[in-house]
Amino acid sequence: MARKHVHISIISIFTFIGAIATVSGHMYTDPASLPIKTYDYIIIGAGIGGSVIANRLTEDTNVNVLVIEAGISNEDEVLTRIPFVAPQLSPYTPYTWNYTTIPQKACNNRTMPFPRGRILGGSSSINFMMHTRGSVDDFDRIACATMDESWSWTSLFPYFLKSEMLVPPADEHDTAGQVDPALHGHLGSLFVSLSGYSFPGFDGRVVKTTKELELEFPFNTDMNSGYPLGIGYTQSTIGSGERSSAATAYLEPALERPNLDILIHTTVTNIVQTGIAGHLPILRGVRCATDPSASPVSFEASREVILSAGAIGTPHILLLSGIGNSTEIGALGIEPLLDIPDVGRNLVDHPIISFSYLVNSTATFDDLRFPGVAAEYLTQWQDTKTGLYVDGPGNLLAWLRIPDDSPIFNLHFDPSAGPHSPHFEFIFTNGFVSFTEPSPPNGSYMTIFVALASPSSRGAVTLENADPFSAPRIDPAFLETDFDIHAMRAAVQSAKRFVNSSAWADYIIAPHGAWAEVTTDDEFDQYIRDRTASEWHPVGTAAMSACDTGAGVVSPNLSVKGAVGLRIVDASIFPFLPAAHVQASLYAIAERAADIIKYDYA
Ligand SMILES: Cc1cc2nc3c(=O)[nH]c(=O)nc-3n(C[C@H](O)[C@H](O)[C@H](O)COP(=O)(O)OP(=O)(O)OC[C@H]3O[C@@H](n4cnc5c(N)ncnc54)[C@H](O)[C@@H]3O)c2cc1C
Ligand SMILES: *[C@@H]1O[C@H](CO)[C@@H](O)[C@H](O)[C@H]1NC(C)=O
Ligand SMILES: *[C@@H]1O[C@H](CO)[C@@H](O)[C@H](O)[C@H]1NC(C)=O
Ligand SMILES: *[C@@H]1O[C@H](CO)[C@@H](O)[C@H](O)[C@H]1NC(C)=O
Ligand SMILES: *[C@@H]1O[C@H](CO)[C@@H](O)[C@H](O)[C@H]1NC(C)=O
Ligand SMILES: *[C@@H]1O[C@H](CO)[C@@H](O)[C@H](O)[C@H]1NC(C)=O
Ligand SMILES: *[C@@H]1O[C@H](CO)[C@@H](O)[C@H](O)[C@H]1NC(C)=O
Ligand SMILES: *[C@@H]1O[C@H](CO)[C@@H](O)[C@H](O)[C@H]1NC(C)=O
C-alpha cells in the first residue's frame, strides 16, 4: 500500500478537511486544569463503550460527566477520515497503543503486533469499519450463560437499530438485493453503508461463484439479519465516503453540551477505593497522569465510574488497582483490593491468515504502487468523496460453517454458538494485502483472508510489572487447541474450493509465493502457523456472568462483582466472542448499558 505517498499528499488536503471538524468546548489536556474534581460519572476511555455512554448520559442536563482518554484528539487526524487508508492507522502509529503479543507457541513462537486505538473514538477511529452483528445464536448463548434474557438477540435488536443510520453508498448505486433496509436503523448517528466503489470483474466473480457453488457458498442478501451464513455485501461504518466512528457519531455531537468534560492525553493509572458500603468496597475514585513523571491527579464520581478502556486497557487498569487474582497481584507489589481471579482471563480473538493469487486483470488496486495513481485517488476523494478511497478493503464477506458430519466433530466439541453461527470467515480483496508479507513489486493480485470465527483457544492479559505506563502481557493463545488448527485448515480448504469454480478459470493465473507449494495437511498447518495474525477483535477479559456465580468479573448489569460504584462497558465484558467483527455488537451493548445506568438512577 502506498503509505509514503498518501502521507505526502495529505498535506495538500489538510485545510480542506479542517473545515469539516467541529470540535470545541470542554476539551482539556492537563488534569490539573479541570475546574472541578467530582463528577456524577467518570468514564475511563473514549472508545466505543465510553463515547456512547458519554453521549447518552449527558442527554440529561442534570448530570455531569468526565471522560478521561489516554490518546489524542481525532479532530485533526485527516487519515482517520479516509476509509481506504485504514491499514495505515496501525499497528505502530501515533493513533495506537503499540502492543505486541508474547510469543505464540502454536504459531512457531512468533510475536504479533496487537494494535488498539489510542485516540478519541478508540479503536473505532482506526478500525477497518466492517459492520457485522453476529448471529442470533451468539447473543442467545450470552443470555443463557448470564441467565439474563435481556442479552438475547431479540432483546438487543432494538439497540442495533438505535445505534445506526443506514445511508446510501458513496456511488449511490442501487442497493436492491444487497441489503435489507427493514433490518436497519434509520435514525441513529452511526452511518452504515454498502461499499461505494465496485470492482465489477472481481466482485462479479465472487457473486457468480455463489450461483455456481450455491450449496457450499450461498448468497445472503443481508448478513446482519441474525442469520449471517453465506456470502454477501460488506456493510461498513462509512457515510458519504468518510469514516463514521464513536468519536464522529457520539462524542462530537455531544461536545457542545456544558455537562461534558473531556480530558485527553491522560492515562488512568488506577481505580481507588473511596469508602465502604456494608462489606463492599466503593470504587468511585480515579487516578490519572499525563506521563510517568507528572504528579497524579485524582477525581471522584458521586454516582459511578464507568470503565471503557477496552479488552486490553480495562483488565490492565483493574489489575493495577489491585482487582484480580490477589496472589498474582500481591507478588508484583500491588496491594490487593478485590480478589476476582477472572480479571484478564478468557481473552479470545479471531486468528486470521491470507493468501494471494496472481490474476489476469489490470482492474485491481495494486496499481496504487504507482505514486501518481495513489495521488489521483486521493484527489478524487478530496474533491468528490468518490472513488477507491471511499471504502475499506473488501466489498464482499463470507460466513461459513464446517459441515456437521465433518470428522472434526468426532474429536472436538463444537465451540460455535449454534447452527446459525459461522466457524470461519472469508474477506475477498481485489489486490495484494498481507499482515505478514511484503507487497510484491509488480503484478496484479487477489487476496482471500480466512479467519476463524469461533475459536476455542483462550488466552489472557496479565501484568508484566506494576508500572501503569508499561504494556501488559498479551497472550491471545492463537491456535492452541486442536480444534482451532483443524478448523483453520478446513476453512482454508474451503477457500481453495471457492476459487476452483469456473468463475475464476480465466482470472487466476497462479498462487502467489509460498501458497503455491501448499497441498498436504502438514503443509497447510505450517502455512497457517507461519502466517496467522490477529484480526484485532480481542474480548472477554472482564467477562459478564450470572449474578449468583463466583466466576466472571461483572454481573449482567455490568457492575463489577463484589464492589459498588464501578461498571464496565467495553469489549472486555463479552463472555464469548461473537462470530463477527465486534464493533456493531459493542455499539448495541453500550446503548443498552446507557439505558441500564439511566434506569438505575431514574
Ligand atoms: C486495526 C483494527 C481493525 C479493526 N477492524 C474492525 C472492523 O473492521 N470491524 C469491527 O467491527 N471491529 C474492528 N476492530 C475492533 C473494534 O474496533 C474494537 O473491538 C472496538 O473498537 C473495541 O471497543 P472498546 O470500547 O472495547 O475499546 P476501544 O475502542 O479500543 O477503546 C478503548 C479506549 O480506552 C482508552 N484507554 C485505554 N487504556 C486507558 C487508560 N489507562 N487511560 C485512559 N484511556 C485509556 C484507549 O486509548 C481507547 O481510546 C478493529 C480493531 C483494530 C485495532
Ligand atoms: C507508538 O508508536 C508511534 C510511532 O513510532 C509513536 O508515535 C507513538 O507515540 C507510540 N505510542 C505509544 C503509546 O507509545
Ligand atoms: C517455542 O519456544 C518454546 C520455549 O522457548 C520451546 O520449548 C519450543 O520448542 C518453541 N517452539 C518452536 C516451534 O520453535
Ligand atoms: C491465582 O494465581 C495463582 C498464582 O498464579 C494460582 O496458583 C491460582 O490458581 C490463581 N487462583 C485462581 C482462583 O485462579
Ligand atoms: C516481476 O518482475 C520480475 C523482474 O522483472 C519478473 O521476472 C517477473 O516475471 C515479474 N512478475 C510479474 C508477476 O509480472
Ligand atoms: C477443482 O475442480 C475440479 C473440477 O471441477 C475437480 O476435479 C477438483 O477436484 C477440484 N479441486 C479442488 C481442490 O477442489
Ligand atoms: C485473460 O483474460 C482474457 C480475457 O479477458 C482471456 O482471453 C485470456 O485467456 C485470459 N488469460 C488467462 C491466462 O486465463
Ligand atoms: C447489579 O447486579 C448485582 C447482582 O444482581 C447487584 O448486586 C447490584 O446491586 C447491581 N448493581 C447496580 C448498580 O444495579
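Over all projection directions, the Cα-based convex hull of segment 358-420 averages an area of 8.0 nm².
Axis angle, to the nearest 10 degrees, between helix 482-499 and the longest C-alpha principal axis of the chain: 40 degrees. Comparing Gly565, Ala491, Ile402 along the charge dipole axis of the chain, the residue lying farthest to the positive side is Gly565, per the Cβ-charge model.
Checked against a 24 Å cut-off, the cross-linked pairs Lys105/Lys561; Lys162/Lys385; Lys208/Lys496; Lys37/Lys598 give Cα-Cα distances beyond that limit for Lys105/Lys561; Lys162/Lys385. To the nearest ten degrees, helix 200-212 and the longest principal axis of the Cα atoms of the chain are 80 degrees apart.
Distance between Cα centroids, segment 152-178 to segment 268-315: provide it in whole Å. Comparing the Cα centres of segment 152-178 and segment 268-315, I get a distance of 36 Å. Tell me whether segment 397-531 comes out rounded, prolate or oblate; compute the Cα gyration tensor, take square roots of the eigenvalues as a ≥ b ≥ c, and use a/c under 1.5 as the rounded threshold. Judged from the Cα gyration tensor, segment 397-531 comes out oblate (a/c at least 1.5, b/c at or above a/b).
The shape of segment 103-166 can be summarised by an equivalent ellipsoid whose semi-axes, obtained from the alpha carbon gyration tensor, come to 30, 21, 10 Å from longest to shortest. A simple packing score, the average count of other Cβ atoms within 10 Å per residue, orders the peptides 221-231, 514-524, 46-56 as 46-56, 221-231, 514-524, with the highest score first. Put in line by how crowded their Cβ is, counting other Cβ atoms within 10 Å and starting with the fewest, Thr436, Thr96 read Thr436, Thr96.
Beta bridges per DSSP, both residues in segment 22-601: antiparallel share near 65 percent. What you get for the chain, charging only the Cβ of Lys and Arg (+1) and of Asp and Glu (-1), is a dipole of about 660 debye around the Cα centre. Between the residues Gly392, Leu190, Ser470, the greatest Cα displacement towards the positive end of the dipole of the chain, with unit charges on the Cβ of Lys, Arg, Asp and Glu, is found for Ser470.
Packing around the peptides 477-485, 121-129, taken as the average count of other Cβ atoms within 10 Å per residue, puts them in this order, highest first: 121-129, 477-485. For the peptides 579-589, 316-326, 556-566, the ranking by packing is 579-589, 316-326, 556-566, with the highest mean count of neighbouring Cβ atoms within 10 Å listed first.
When only alpha carbons are used to place a centre, segment 365-409 and segment 550-602 end up 32 Å from one another. At q = 0.18 Å⁻¹ the log10 of I(q)/I(0) for segment 455-602 amounts to -1.14, computed by Debye summation with a single uniform scatterer per C-alpha, solvent ignored.
Give the calculated FRET efficiency between Val207 and Ile596 to the nearest 0.05, with a Förster radius of 41 Å applied to their Cβ-Cβ distance. Using R0 = 41 Å, I get an efficiency of 0.50. In terms of other Cβ atoms within 10 Å, Phe299, Phe160 run from fewest to most in the order Phe299, Phe160. Cross-link partners for Lys211 among the aspartates and glutamates, with Cα-Cα distance under 14 Å and sequence neighbours closer than 8 places in the same chain left out: Asp203. The ranking of Ser421, Ser155 by Cβ neighbour count inside 10 Å, starting from the fewest, reads Ser155, Ser421. What is the diffusion coefficient of segment 22-601 in µm²/s, taking the Kirkwood radius over Cα pairs and the Stokes-Einstein relation at 4 °C with a viscosity of 1.567 mPa s? Result for D is 54 µm²/s.
Rule-based calculations on the coordinates, nothing more; no lab input. These numbers come from a predicted model, not from an experiment. Reconstructed Cβ throughout: ideal geometry from the backbone, glycine too, with neighbour counts over all protein chains shown.
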